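Colleague: Here it is, the structure, as structure tokens.
The values are calculated or read from the model by the stated rules, or taken from the named source; none is laboratory data. Note that the structure is a prediction, hence the values are computed from the model and not measured. Here Cβ is always computed from backbone atoms with ideal geometry, including for glycine, and neighbour counts include all displayed protein chains.
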Amino acid sequence: MTRAAKHPATLIPGDGIGPEIVEATVEVLEALQAPLEWETRAAGMAGVERHGDPLPAETLDSIRRTKLALKGPLTTPVGGGYRSSNVALRQTFDLYANVRPARTLLPGGRYEDIDLVLVRENTEGYYVGFEHYVPIGGDPHAVAIGAGVNTRAGCRRIAEFAFDYAVRHKRRKLTIVHKANILKALTGIFLETVREVGRQYEGRIEIEDRIVDACAMQLVLNPAQFDILLTTNMFGDILSDLIAGLVGGLGMTPGANIGRDAAIFEAVHGSAPDIAGQGVANPVALMLAAAMMLDHVDEHDRARRLRDAIDGVLRQDHVRTRDLGGQASTRDFTRAVVRRLRG
Ligand code: NAI
Ligand code: MG
């Protein structure tokens, strides 16, 4: 392969278990001969230690250049008034689509064949931060007021993203999740706009809608009825953790934050300071995030091979890290994945 054919990509080892699981993930990507050329940059506590900033300018410059990043978890430094680097990255690059797939990887759980994708609008809704207190009498916090903002343009771009994702990933159905019976304007505009965009996909993608509370119950009773769920920011925040729980928790769940100009792939879990440096972290979530990254750059065959290798190691080789009830170290697990990729 020529150098020119490689995708430049920013690699952020991150904090806590981050460097361990990032190293493991880079190793399996090398075994796949993935055409990626890394620029390693610091963020989080590592950024503070090296550059006095949890999101150093050279890290942002690198992502601006590569438009593609694989990121370990970042510890939000306590004190010093640092903003959350994760939120800052989302805002800086306008990463409006959060994609979180949940797929059964280990048999014997509550559900056997879950294969869901949640697409969450990542920039609008109730998380825009329009809130304040109204003091009354001696109580400075007598009344709290918060407003949400959803725009036609914002709803349209997330809808276009979700339908395009559905087509590219050969999905059959998209469920719009809303609360338009109560929040008639705020989530009504979302329902209305997504339906309008969906008309262009008639005959290709089945479209239905659900009210968020009923949807939460149905996800627990019968998750197999869903395929892609598309929803607004706060509902997506809540339901994405719910679907992670359906497949065994955050340690197995990858996520992507995607904008027009950049895409950042990560594990859903945090930096796990309690087990950092022990070599026992489960690298599955970050490896699955790397598979999403390969799909993003149209390396679908390598993405599939990586997912298949992880499946095989967990299900057939029974190599599992401690959090999954096994004995394997991060290195043992990584070696087992590499063995399958080379075998
Ligand atoms: P956490 O996800 O780091 O840990 C929760 C529990 O799950 C711990 O017991 C941990 O050992 C375990 N765990 C997590 N990932 C694991 C893995 N791959 N293998 C084995 N066990 C694993 O959540 P916590 O403790 O609330 O947060 C720690 C730090 O991470 C905080 O500073 C927080 O701000 C940050 N964080 C960063 C995120 C990101 O960068 N996307 C997301 C969530 C939290
Ligand atoms: Mg959340």
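Colleague: Kindly indicate the residue of segment 242-275 that is assigned to a loop (DSSP other than H, G, I, E, B) and away from ligand 1 (no atom under 15 Å from the Cβ) and also surrounded by the fewest Cβ atoms within 10 Å (Cβ to Cβ) among those meeting that condition.
Modeller: D261
Colleague: Just give me the residues in segment 180-210 being hydrophobic (A, V, I, L, M, F, W, C) and touching a strand residue (DSSP E or B) at 6+ places or on another chain (Cβ under 7 Å), in sequence order.
Modeller: L186, F190, L191, V194, I205, I207
Colleague: Could you tell me whether any residue of segment 221-235 is part of a loop (DSSP other than H, G, I, E, B) and on the phi > 0 side of the Ramachandran plot?
Modeller: The answer is no; no qualifying residue exists.
Colleague: Which one of these is away from ligand 2 (no atom under 16 Å from the Cβ) and either at positive phi or hydroxyl-bearing (S, T, Y) (or both): G277, G188, G249?
Modeller: From the options G277, G188, G249, the qualifying one is G277.
Colleague: Could you give me the residue pairs with C-beta distances under 9 Å whose first residue belongs to segment 267-295 and is not assigned by TED's automatic domain parsing to the domain that holds M45, whose second residue is within 16 Å of ligand 2 (Cβ to nearest atom) and not in a loop (DSSP other than H, G, I, E, B) wherever it lies, and which are 6+ apart or on separate chains?
Modeller: Filtered contacts from segment 267-295: no entries.
Colleague: Oh, and also: Could you grab the pairs with beta carbons closer than 8 Å, sequence gap of 6+ or different chains, first residue in segment 152-169 and closer than 13 Å to R120 by Cα, second one modelled with pLDDT of 95 or more and among the aromatic types (F, W, Y)?
Modeller: G154/Y96; C155/F190; R157/Y96; I158/Y96; F161/Y96; F163/Y201
Colleague: Among the residues of segment 226-257, write down those that are under 20 Å from S84 (Cα atoms), touching a Phe, Trp or Tyr at 6+ places or on another chain (Cβ under 7 Å) and in the same structural domain as A159 (by TED's automatic domain parsing).
Modeller: Once the filter is applied, which keeps residues that are under 20 Å from S84 (Cα atoms), touching a Phe, Trp or Tyr at 6+ places or on another chain (Cβ under 7 Å) and in the same structural domain as A159 (by TED's automatic domain parsing), segment 226-257 yields N233, M234.
Colleague: Right, something else. Based on this model, can you work out whether L239 counts as part of a helix (DSSP H, G or I), on the phi < 0 side of the Ramachandran plot and away from ligand 1 (no atom under 16 Å from the Cβ)?
Modeller: yes
Table: residues versus (1) without any contact (Cβ under 8 Å) to a residue 40 or more places away in the chain; (2) under 17 Å from P107 (Cβ atoms).
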site	(1), (2)
H300	yes, no
A303	yes, no
L306	no, no
D317	yes, yes
G326	yes, yes
F333	no, no
V337	no, no
L341	no, no
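Colleague: Just to be sure I understand, how many residues within segment 97-149 are part of a loop (DSSP other than H, G, I, E, B) and in contact with a Ser or Thr (Cβ under 9 Å, 6 or more places away or on another chain)?
Modeller: 5
Colleague: Here are some conditions: (1) closer than 20 Å to A97 by Cα; (2) touching a strand residue (DSSP E or B) at 6+ places or on another chain (Cβ under 7 Å); (3) not polar (S, T, N, Q). I145 meets all but one. Which one does it not meet?
Modeller: Single failed check for I145: (1).
Colleague: Still on this model: Quick one: which residue in E160, E192 is more than 23 Å from the chain's Cα centre (by Cα) and either in a helix (DSSP H, G or I) or among the aromatic types (F, W, Y) (or both)?
Modeller: The unique qualifying residue is E192.
Conditions tested, residue by residue: (1) touching a Phe, Trp or Tyr at 6+ places or on another chain (Cβ under 9 Å); (2) surrounded by fewer than 16 Cβ atoms within 10 Å (Cβ to Cβ).
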{"site": "I17", "(1), (2)": "no, no"}
{"site": "P35", "(1), (2)": "no, no"}
{"site": "R41", "(1), (2)": "no, no"}
{"site": "H51", "(1), (2)": "no, no"}
{"site": "R65", "(1), (2)": "no, yes"}
{"site": "A69", "(1), (2)": "yes, no"}
{"site": "L89", "(1), (2)": "no, no"}
{"site": "Y96", "(1), (2)": "yes, no"}
{"site": "R110", "(1), (2)": "no, yes"}
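Colleague: Looking at the structure I just gave you, is R210 without any contact (Cβ under 8 Å) to a residue 60 or more places away in the chain and not aromatic (F, W, Y)?
Modeller: yes
Colleague: Do we find that A336 is surrounded by 22 or more Cβ atoms within 10 Å (Cβ to Cβ), among the small types (G, A, S) and either touching an Asp or Glu at 6+ places or on another chain (Cβ under 8 Å) or not assigned by TED's automatic domain parsing to the domain that holds R168 (or both) in this structure?
Modeller: Answer is no for this residue.
Colleague: Also, quick follow-up: Test of understanding: among I114, I21, which residue is buried (at least 23 other Cβ atoms within 10 Å of the Cβ) and either modelled with pLDDT of 95 or more or not assigned by TED's automatic domain parsing to the domain that holds A291 (or both)?
Modeller: Every option except I21 fails the conditions.
Colleague: When only residues in segment 108-143 that are of a type in the set (G, A, S) and within 31 Å of the chain's Cα centre (by Cα) count, which is farthest from V194 (Cα to Cα)?
Modeller: Among them, the one singled out is G108.
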